[in-house]
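The values are calculated or read from the model by the stated rules, or taken from the named source; none is laboratory data. No experiment lies behind these values; they were computed from the predicted model shown. FYI the Cβ positions are ideal-geometry reconstructions off the backbone, even for glycines, and counts take in every protein chain you see. Just so you know, the surface numbers come from the protein's heavy atoms only, side chains and all, with ligands and any DNA or RNA stripped out. Shrake-Rupley method; radii C 1.70, N 1.55, O 1.52, S 1.80 Å.
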Amino acid sequence: MAEEVVPCNIRASVPLQVGDGMSDSGPPGVNVIDITFPVSRTIDVQEISFRNYYTAFLTVKIQQQQSTALKKNKTATWRTCIRNLNLMPNPHMEEGSQDYVSLYRQQMLCDADNVTSIRFILRQPSPVWLSFTLEELQVNPPRKQSPQKQFSWWLSHLPPKEELQNLHKGLPDPERVSSEVQQMWVLTEVMRSSQSTAAVGRFDVDGCYDINLLSYT
């Protein structure tokens with residue numbers, strides 16, 4: 001079954017320069033990507049997937065909408081759900097630089113419900129790579145229950161006794177079937193024991209042959 005993808009707006013990666021940008025000769029080591037969702041809509045995040053592009057460490061923050069005592073007033077707070085996730089074992093080497101990554105709800109440091117926007121903070125301390133970002137970003141909501149899971153749930157909940165009795169209607173009595181099978185087995189054993197084990201001869205009489213019964217060719 002294909003995954004449902006939440007429609008969203010992905011802003012281009014923005015570099016964050018630390019210090020004086022005019023005097024620093026090296027590229028910035030921090031980039032930020034923001035994801036926003038349609039106005040007046042919040043989502044529950046089940047999975048975030050992407051393809052890495054030379055990002056060494058990743059932190060993910062989510063903005064959640066929370067209702068106050070007054071229903072009309074709603075506040076938005078930022079929370080960190082993924083902190084300093086290592087995407088490249090060695091920032092100076094190629095390993096992990098272009099891997100596909102999925103972040104699941106179970107891995108997150110906080111609940112991911114009522115999310116209005118997501119912020120990705122990318123870090124690459126190595127000056128070897130000229131650029132780094134995340135590609136093919138997707139956000140998936142909780143999955144709908146599949147028919148297979150529904151069937152498993154049905155099996156785990158037995159029907160009432162009355163329904164089980166209805167299922168037995170039209171089937172032969174198991175005790176009667178067992179009795180008939182036992183009788184057939186007894187008859188089979190009796191027939192087997194009554195069979196003669198002596199060899200049946202065609203022309204011999206008391207172990208001898210009558211010459212008149214033999215023919216010559």
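Figures for the structure shown
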{"item": "Pairs, first within 17 Å of T75 (Cα to Cα) and open to solvent by 50 Å² or more (accessible area, probe 1.4 Å) in the range 109-134, second at pLDDT below 95 and in a strand (DSSP E or B), C-beta under 6 Å, six or more apart", "result": "N114/Q64; N114/Q65"}
{"item": "Failed item in (1) among the polar types (S, T, N, Q); (2) at pLDDT below 95; (3) in contact with a Ser or Thr (Cβ under 8 Å, 6 or more places away or on another chain), with S126 passing the rest", "result": "(3)"}
{"item": "Residues of the range 43-90 that turn out to be charged (D, E, K, R), part of a strand (DSSP E or B), farther than 13 Å from C110 by Cβ and modelled with pLDDT under 95, as a count", "result": "2"}
